[in-house]
Amino acid sequence: MKKYWILFTAIILLIIGIVWHFSVNPVFSSGQYVLDYFSAGQFSCGVFSAGTFSIGIFSIGIFSAGIFSIGIFNIGLFSIGLFVIAWKKSLPNLFKQK
């Protein structure tokens, strides 16, 4: 159970977003400057976001910031990419102080 909290968080947020979309107002959006629950665009911000510059809990983009982020330049707790600033990352011996 301890290892699956990320999956459960993503599923719960997805269900909340779908229910919210069909009951309140549209939460899926795309464009150049986007701020919504599910967003995709050049500059996007949302829970699930994808774009060149993306900020969100789950973000994918060239420059991404979020808890779970995938891209080239990342800032997040759990991130995958070329240049990563992450909390769970171990530093190479070059950057460790002796």
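None of the figures in this text is laboratory data; all of them are computed from the coordinates on show. Being a predicted model, the structure only gives us computed values, none of them experimental. As a convention, Cβ positions derive from the backbone with ideal geometry for all residues, glycine included, and neighbour counts pool all protein chains shown.
Whenever a residue of segment 57-81 is hydroxyl-bearing (Ser, Thr, Tyr), its partners that are in a loop (DSSP other than H, G, I, E, B) and buried (at least 24 other Cβ atoms within 10 Å of the Cβ), lying with C-beta atoms within less than 7 angstrom and at least six residues away or across chains, give the pairs 59/66; 64/71.
Checking each residue in segment 14-39 for being within 18 Å of residue 51 (Cβ to Cβ) and assigned to a helix (DSSP H, G or I) picks out only 17. For segment 40-57, residues that are within 20 Å of residue 78 (Cα to Cα) and either assigned to a strand (DSSP E or B) or among the small types (Gly, Ala, Ser) (or both) total 12. Among the residues of segment 5-51, those that are of a type in the set (A, V, I, L, M) and crowded, with 18+ Cβ neighbours inside 10 Å comprise 27, 34, 40, 47, 50.
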